[in-house]
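Chemist: Got a structure here, written out as structure tokens. Questions coming.
The values are calculated or read from the model by the stated rules, or taken from the named source; none is laboratory data. What you see is a predicted model; the values in this text were computed from it and never measured. Quick note on the areas: whole protein, heavy atoms, side chains included, nothing else; ligands and nucleic acids left out. Shrake-Rupley method; radii C 1.70, N 1.55, O 1.52, S 1.80 Å.
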Amino acid sequence: VVERALDAGCRPHLALADAGRMPPVVDRLLAAGCDVFAGGEEVRRMVTGLGVPHPIVALFHRPSRPSADELTARSSRLVVVEGVDNPANIGSIVRNAAALGWDGLLLDHTSADPLSRRALRVAMGTAFALPHARTRSLIEVVRRAGERGMEIYALTPDPAATPIGGITASGDRAVLIGSERTGLSLEALDVGRPVRIPMANGVDSLNAAAAVAIACYSLR
């Protein structure tokens, strides 16, 4: 994660490394003018609060991010997240979207931060390669993107929705995913075309990150 942050041009502030076995990335941090502290396992566990301390952890200055409208305007494959407040889910969504070639992530203000520590760990640092934006006006932003020609697909378990395997996306596209508790809001469903992932009888939903992986693959 530290290496990917540096690769993405993020500016390091300070780092804590294993005193007994310095990771090679320390040289890059020092070259960037970053203060690097060293400590044994107990010191690093105490400082970070992690049960299993990593060989290195670092603090970076938060990179600037585009506005929601800027992101939608420059994205051809966009994942839109509403109300997903679990950072592990957000991290998995980021990793899935990046791995499958999607180029943007738009979140409402209630969703977890892709650059939080847990989300970054789950995403294996891929959040630095996937531009993201946050907005308090998610529906309005998505609606404007649709008016500019972006195809909007809203994931839902509703049996009346179109099976996602029958969709052939041909232009810029966005897939909307809601929380595991309540799914997408009615407003979000109205702004896009409702699509569903067919599942076996007796199963009505998938983990949000798993649903995003299937949708990103199917609509790629």
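Chemist: When ligands, DNA and RNA are left out and all protein chains stay put, how many square angstrom of accessible area per residue does the chain have with a 1.4 Å probe? Before the final figure, lay out the partial values.
Modeler: On the way: 11320 Å² over 220 residues.
The answer is 51 Å² per residue.
Chemist: Using alpha carbons only, how many angstrom separate the centre of region 83-101 from the centre of region 170-220?
Modeler: Centre-to-centre (Cα) distance: 13 Å.
Chemist: Within the accessible area of the chain, what % is carbon and sulfur when the probe is 1.4 Å and the other protein chains stay in place?
Modeler: 51 percent
Chemist: Where is the GNM fluctuation largest for the chain (alpha-carbon springs, 10 angstrom cutoff): HIS61, HIS132, HIS109?
Modeler: The residue that fluctuates most here is HIS61.
Chemist: Where is the GNM fluctuation largest for the chain (alpha-carbon springs, 10 angstrom cutoff): VAL175, VAL79, VAL52?
Modeler: Checking each option, the largest mean-square fluctuation is seen for VAL52.
Chemist: Right, something else. Would you look at the GNM of the chain, springs on alpha carbons closer than 10 Å, and say which of ALA15, ALA200, ALA129 moves the most?
Modeler: ALA200
Chemist: Looking at region 1-135 only, what percent of DSSP beta bridges run antiparallel? Nearest 5 please. Working shown, then result.
Modeler: Working: 5 of 18 bridges.
Taking every DSSP beta bridge within region 1-135, about 30 percent pair in antiparallel fashion.
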